[in-house]
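The values are calculated or read from the model by the stated rules, or taken from the named source; none is laboratory data. Not measured: the values here are computed from a predicted model. Every residue, glycine as well, gets a Cβ built from its backbone with ideal geometry; the counts of neighbours run over all protein chains shown. Ligands, DNA and RNA are excluded from the accessible area calculation, which covers all protein heavy atoms including side chains. Shrake-Rupley method; radii C 1.70, N 1.55, O 1.52, S 1.80 Å.
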Amino acid sequence: MCKLQGPDGILPYNTMNMKNAGAVVTLCLSVLLSAQSTSETALRGFSAASSRVERDWELKYAAIPLPGNVGDYMQRLAARPHHVGSPYDKDNADWILAKLKSWGLDAKIETFEVLFPTPKDRALEMVEPGNFKAKLQEPALAVDPTSSQRNEQLPTYNAYSIDGDVTAPLVYVNNGVPEDYEQLERLGVSVKGAIVISRYGGSWRGIKPKVAAEHGAVGCIIYSDPHEDGYSQGEVFPAGPWRPKDGVQRGSVMDMPVYPGDPLTPGVGATHDAKRLKISEALTITKIPVLPISYADAQPFLAALQGPVAPVAWRGSLPITYRIGPGPAKAHLKVASNWDIQPLYNVMVTIPGATYPDEWIIRGNHHDAWVNGANDPVSGASAELEEMRGLASLLKEGWKPKRTIVYAFWDGEEEGLLGSTEWAEQHAAELSQKAAVYINSDSNSRGYLRMAGSHTLEKFINGVARDVQDPEKNISVWKRLQLERIANSPDRAEVRQRPDLRMEALGSGSDYTVFLDHLAVASLNLGLGGEAGGGIYHSIYDDLYWYKHFDDPDFVYGRALAQTAGIAVMRLADAELLPYDFANFTDTVRRYISELQKLAGKERDDIVERNRQIDEGVFSAIDDPKKPMVPPARQAVPPFLSFAPLENGLAALQREAEHYDKALAHAAAYGGAALARKSLREVNQKLIAMERALMSSEGLPNRDWFKHQIYAPGFYTGYGVKTIPAVRESIEQKQWKQADEQIVRVGKVLENAGEQIQGAVVALEKAGQ
Ligand SMILES: [Zn+2]
């Protein structure tokens, strides 16, 4: 049963319950202790002795979270709609607070005041050629008890759409991303003065009205095509998990790639007395009105379009011929909001550190939802709450984390990462000094471990994942993920050989954004998922009934999240030395630089080839007069870029990463006496400073709130990450001079990071003497 020393380090958590946990812990510990003298290596950042103590506490912890509790919390938190400003949002915050206090934790509510528009007036109708009025309403379903709580449900809308009342011809723009507009230009279709209708997908939703406005559109409709999350995927709700015909995806369209958080208080906490912009001065409110609709509401509009037949890749799954327009369908769109200031209730817990109280490990999940939000976010918030119960119980047993642990249950995530952003902006000075790591989660489902984040933590989180059991298979969540990648990844040879599974970088889309992108705090986003699927995202059907029928009915994956994130927090808080790793980080940065080189080469080759085809007369020769296309315009051939500054920065980084590994191996020798003997405060401070060195105070071009120079959400992807964003986006946007400048700047950032690592090496060697 106890396979702690097995190749995967599997802990038999799924066999434990509160009653037999003690016996299993004793058994595992005896195995651990006997193996310690032979093959067991200490956890990274721990001496051998403290590693054994840590393993002991982690085993105790992992036996505590109970799936039934996760389910009970979900039942309570998702019982009623609980968006920002609603009575049940406050009620939930108070209930979470009381729970935390009942476990003996030091908890409080921290409040902010933010701009949060709610619908006052919404209308969408076809005025030509026929007449059709969109329903804009998700019907209650008899089998689904909470779907009928209409009085408390936010109507279907996009928050932070500007008010507007427009009547104009319609144009179908596919996903509404920049490439789609290039295609429209070839088809000779302009959206100037038109209302665009875009389907969900291809980018974060807020990009669609932004790009539409850049091209002169006056309104934007976003609909859920059944191709993405409706009947094309499977049986629709309530027979199955997928989006029914009247289901609508609500969501924020705030221009978060410029800055997230309260639109009126960029860069500072939205406290009661904060200095606020006027609404008309806020850069992140859309330029044109936007409204989300269901596919039942969208079909008559799309069916009434004429003009060119949509390219194959643009066609969804509705039983119509997808055409682009413009017109003859003409729509009247009206959106007006109540532009009110609403309170946010972040529930915060502090567990003071015994040895390094000024180094903080922060953990968060939001508690607010668009409606009932069983999946998003209650599945994650319930696991986090069960984690808190586990840690509280360890504290009573005498566990003393070395670092300070801060737990957050954020409010206002859905509208624009409001709670986390305002809190972190308010405490920015202190966080810059003290925050070592931020660990986020959000929705949680059945399936595989999803880990993403700062690559200085890649080795660390791989280690944690090896020690958590998958609830359905008798293997660790790490092993299961590795096997999934062997099945599905083109890099299967690497997946088999590389000691650590590669981790995706973080863009945006949840509460880690301010920590990683604005303050350069090493961050992780954790969750399980990939098996459940479904089409209830941001609708009234994301509720307990749906979750229990179609997602994680026994909440065992909720427990797996509580185990994974809880152990990660403990291990980070208890380590003598923060377990950052620079070898995997350097390896990842090398890949990014080589991607940039390929991207620049491809951009250049494409332009050269297209110009050649224009000269050869290719486009006029293949143009079908019955389906005329506009030939592309000649473009200036870009200059070659010099990547030498990035390569020099990388070389410095690699040299210091190797020095650090040697110093760490030296310190960890002989049972890690050097780690145990001295205060490592200075080394830890240097390690934290290395993360900060990855930002530049000027921020990214045209969006200085985003400081991190390795990771950022894309200006035109919204959630999707752009790595080494200043350089990558300059190349994508054909800003060649800016690309050259940014290569120099990021090269310097890498050199600075190398210098910080060198400082850590010196401090570590000194501590070991
Ligand atoms: Zn969420």
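The table below lists the values:
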read-out: Which numbered condition Asn444 fails, given (1) part of a helix (DSSP H, G or I); (2) under 14 Å from Ala562 (Cα atoms); value: (1)
read-out: Residue identified as crowded, with 17+ Cβ neighbours inside 10 Å, farther than 30 Å from Asn440 by Cα and either modelled with pLDDT under 95 or within 16 Å of the ligand (Cβ to nearest atom) (or both) among Gly327, Gly316; value: Gly327
read-out: One residue from Thr350, Thr286 being in contact with a helix residue (DSSP H, G or I) (Cβ under 9 Å, 6 or more places away or on another chain) and open to solvent by 10 Å² or more (accessible area, probe 1.4 Å); value: Thr286
read-out: Qualifying residue in segment 194-210 (condition: over 30 Å from the mean Cα position of the chain (by Cα), under 22 Å from Pro628 (Cα atoms) and of a type outside the set (S, T, N, Q)); value: yes
read-out: Residue match in segment 532-554 (condition: within 16 Å of the ligand (Cβ to nearest atom) and open to solvent by 20 Å² or more (accessible area, probe 1.4 Å)); value: yes
read-out: Residue within segment 607-622 that is basic (Lys, Arg) and modelled with pLDDT under 95 present; value: no
read-out: Given (1) under 30 Å from Tyr580 (Cβ atoms); (2) open to solvent by 70 Å² or more (accessible area, probe 1.4 Å); (3) more than 34 Å from the chain's Cα centre (by Cα), index of the condition Ala633 fails; value: (1)
read-out: Condition check for Arg76: modelled with pLDDT of 95 or more, open to solvent by 40 Å² or more (accessible area, probe 1.4 Å) and more than 27 Å from His367 (Cβ to Cβ); value: no
read-out: 1 or more residues open to solvent by 10 Å² or more (accessible area, probe 1.4 Å) and free of Cβ contacts under 8 Å to residues at least 40 places away in the same chain: qualifying helices (runs of 4 or more DSSP H) within segment 154-262; value: 178-186, 207-214
read-out: Of residues in segment 439-459 being closer than 19 Å to His518 by Cβ and open to solvent by 10 Å² or more (accessible area, probe 1.4 Å), the one farthest from the ligand (Cβ to nearest atom); value: Ala452
read-out: Close pairs (6 angstrom Cβ cut-off, 6 or more residues apart or separate chains): over 17 Å from Phe550 (Cβ atoms) and among the hydrophobic types (A, V, I, L, M, F, W, C) in segment 369-381, near the ligand (Cβ under 9 Å from one of its atoms) and part of a helix (DSSP H, G or I) anywhere; value: Trp370/Glu414
read-out: Residue in segment 298-313 that is within 30 Å of Val514 (Cβ to Cβ), open to solvent by less than 70 Å² (accessible area, probe 1.4 Å) and in contact with a Gly (Cβ under 8 Å, 6 or more places away or on another chain) present; value: no
read-out: Selection within segment 460-477 - of a type in the set (A, V, I, L, M) and open to solvent by less than 10 Å² (accessible area, probe 1.4 Å); value: Ile461, Val464, Ala465, Val468, Val477
read-out: Those residues of segment 346-373 which are out of contact with any Phe, Trp or Tyr (no Cβ under 7 Å at 6 or more places or on another chain) and within 16 Å of the ligand (Cβ to nearest atom), in sequence order; value: Asp368, Ala369, Trp370, Val371, Asn372, Gly373
read-out: Options Ser679, Ser697; residue that is in contact with a helix residue (DSSP H, G or I) (Cβ under 9 Å, 6 or more places away or on another chain), of a type outside the set (D, E, K, R) and over 17 Å from Thr586 (Cα atoms); value: Ser679
read-out: Elements of type helices (runs of 4 or more DSSP H) in segment 374-438, at least 1 residues being within 14 Å of the ligand (Cβ to nearest atom) and either open to solvent by less than 20 Å² (accessible area, probe 1.4 Å) or at pLDDT 95 or above (or both); value: 380-396, 413-416, 418-426
read-out: Number of positions in segment 572-602 that are farther than 30 Å from Ala674 by Cβ and either of a type in the set (A, V, I, L, M) or modelled with pLDDT under 95 (or both); value: 4
read-out: Conditions (1) touching a helix residue (DSSP H, G or I) at 6+ places or on another chain (Cβ under 7 Å); (2) within 30 Å of Arg655 (Cβ to Cβ): number failed by Trp546; value: (2)
read-out: Unmet requirement for Gly718, which otherwise passes all of (1) assigned to a helix (DSSP H, G or I); (2) open to solvent by less than 30 Å² (accessible area, probe 1.4 Å); value: (1)
read-out: Verdict on Gln497 being more than 16 Å from the ligand (Cβ to nearest atom), open to solvent by less than 50 Å² (accessible area, probe 1.4 Å) and either more than 24 Å from Met348 (Cα to Cα) or of a type in the set (Lys, Arg) (or both); value: no
read-out: Residue within segment 509-519 that is more than 16 Å from the ligand (Cβ to nearest atom), touching a helix residue (DSSP H, G or I) at 6+ places or on another chain (Cβ under 8 Å), in a loop (DSSP other than H, G, I, E, B) and open to solvent by less than 20 Å² (accessible area, probe 1.4 Å) present; value: yes
